[in-house]
Every structure is written in structure tokens, then in C-alpha cells.
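Right, one structure below, let's go through it.
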Amino acid sequence: MSTGRDPGLQPERTRLAWRRTLLTVTVVTVLAVRLASTGDPTGALIAGCIVLVWGALLVLCWSRGTGTGPARTGGRTLPLVTVGTVVLALLGVLLVLRGLW
Amino acid sequence: MWEAIRRWFDPAELGSVGETPDYRFSLANERTFLAWLRTGLALVGGGLAAAQFLPPLPMSHLREVIAVALLLLGAAVAIRAVDHWARTERAIRLGQELPASRFPAILALAVGVGALLLVVAVLLRAIGGR
């Protein structure tokens, strides 16, 4: 049995992992926007910020989740999607605390 | 700490140490990062879901405490994911041992203790509420 470097499979698996991540981001965004939708201006403002973060994460994950070229690894995309996730979490904290005021 | 954060955003610096490894190792490291990021996102999603779908609990604001705890835990998992990715990449390039981490054990304990506390809260409600 041949044990090559499976040049096609490894990048493909990584692309699929980026797509799964984008799907998870989208589910979180939908949950956050639902929590924000209570009809008040603060909620609308936070919902707007959440959609902007989702757009940024969409662009980042899309750029790594598509294409058939050679493998691309690392770069600034990884810390940037981390920042996006942390911002989503902090906006979520704002949303939860907003309900207590 | 700021030095570590600066390093995450500086791929050229990371690419200058050691030698470029077999791309499969870098891709596997990246997929591990993504799996951890999704774990963090799942915790964030859990916090958001708890805030809007959980019925009122016996302790006041317990729902909000649970939601905020899950959201902050999710953010911590995401930050730890990129830090571990950068340290692993560096170790692979230098041919060193991969960095050891207590984080998975701590996270498992935190989730386990949190689940037990929720079981207690649910039982208290079942006994006292009816």
C-alpha cells in the first residue's frame, strides 16, 4: 500500500474545517441576534455590531475555506478569527447584562 | 503577555524560526486550532441559548450568571486556542517537544462542575417548586 503525502486530502480537510467553523459562527450569530431583538435601540445597535463581526468572520473563513490551490497555513487569519470570536462573546455578555438594567 | 499577543499577529516572525515543516503538520495544527475555536464558539452559543431559552431558576439571576460564565469561558477557550496553535507551530519548526497543557483538564473539570451545579438547581426546583 502506498503512503504518499496525500497532497489533495490534507488541504481539503482543512478547508472543510474552516467551513464547519463558519457554520458554527453563523449559528452563534443567529442566536445572538435573536437575543438582541427586543425592539429597543440598544439591542438594535448591538445586533448591528454582531452582524458586522459575522461579516468579517465570513470573509476570513471564506478565504480559507474555498479554492483548490496549494495548501495555505497559518498567517494572520487565525488570530483575527480568534479576535472575532472574543468580540462575539463580549457582545453576548453585553446583551445578557442589558436584560438586568 | 503583550509580547505573546504581538507574536500571534506576526506570521513573518513565526516563519523565521527553525525550518519549514512538512505542510501536513502545519495543516493538522491549524485544524486542531479550528476544532478548539469551534469548542469556544459552542460555549458562546450555549451562553446565548441559556440567556434566552432557560426557564427562571430558583436563585435570582442564576440564569444570567450561567450565561455570562459560558460566554467568558468560550472567549477564554478561543484565546487559548490561538496561543496553543502559535506555541505548537514554533515547537514543530524547532523540532522540539510539543507544548504540554493542563487546559483541557481544567476545561473538563469546569464543565463537569457546572453541569453538576445545574443538576442540583434542577432537583431543587423539582422538589421545592411543586
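Using the Cα centre as the reference, give the magnitude of the dipole from point charges on the C-beta atoms of the protein assembly as shown (Lys, Arg: +1; Asp, Glu: -1; all else neutral), rounded to the nearest 20 debye.
Values: 23 positive and 13 negative charges, 85 e Å.
Charge dipole, the protein assembly as shown, about its Cα centre: 400 debye, nearest 20.
Explain nothing, just the number: relative contact order of chain B, from Cα pairs under 8 Å at least 6 residues apart, as a whole percent. Each step should come with its number before you reach the end.
Numbers: 94 pairs, mean separation 40.1, N = 130.
It rounds to 31 percent for chain B.
Could you tell me the relative contact order of region A:9-98? Use alpha-carbon pairs under 8 Å, at least six residues apart, and round to a whole percent. Don't jump to the answer; show the numbers that get you there.
Values: 60 pairs, mean separation 34.5, N = 90.
Here the relative contact order equals 38 percent.
Is it possible to state the helix-based mean residue ellipticity at 222 nm for the protein assembly as shown, with each DSSP H run of 4+ residues giving -39500 (n - 2.57), the sum divided by total residues, to the nearest 500 deg cm²/dmol? What is it?
On the way: 8 runs with 179 residues, N = 231.
My calculation for the protein assembly as shown gives -27000 deg cm²/dmol from helical runs alone.
Whole-Hz Karplus ³J(HN,Hα) for region A:40-53, in order, using 6.51 cos²θ - 1.76 cosθ + 1.60 and θ = phi - 60°, x for Gly and Pro?
Listing the rounded values in order: 9, x, 4, x, 5, 4, 5, 4, x, 4, 4, 5, 4, 4 Hz.
Go ahead and set up a Gaussian network model of chain B, Cα springs under 10 Å, then flag whichever of B:F103, B:F33, B:F53 fluctuates most.
The residue with the greatest mean-square fluctuation here is B:F53.
So what J values fall out for region A:6-21 if you push phi through Karplus, 6.51 cos²θ - 1.76 cosθ + 1.60 with θ = phi - 60°, rounded to Hz, Gly and Pro as x?
With the stated coefficients, region A:6-21 comes to 5, x, x, 5, 4, x, 5, 4, 5, 4, 5, 5, 5, 5, 4, 4 Hz.
Quick one: compute the contact order of region B:1-70, relative version, from alpha carbon pairs under 8 angstrom and 6+ residues apart, as a percent.
On the way: 22 pairs, mean separation 16.5, N = 70.
That works out to 24 percent.
Hey, got the dipole for chain B? About the Cα centre, +1 on K and R Cβ, -1 on D and E Cβ, debye to the nearest 20? Before the final figure, lay out each step's value.
Numbers: 13 positive and 10 negative charges, 113 e Å.
The calculated dipole for chain B is roughly 540 debye.
Any read-out appearing in this document is the output of simple, stated calculations on the displayed coordinates, not a laboratory observation. Treat the numbers as computed from the prediction; the structure is a model and nothing was measured. Neighbour counts are summed over all protein chains in view; Cβ atoms, including those assigned to glycine, are modelled from backbone coordinates with ideal geometry.
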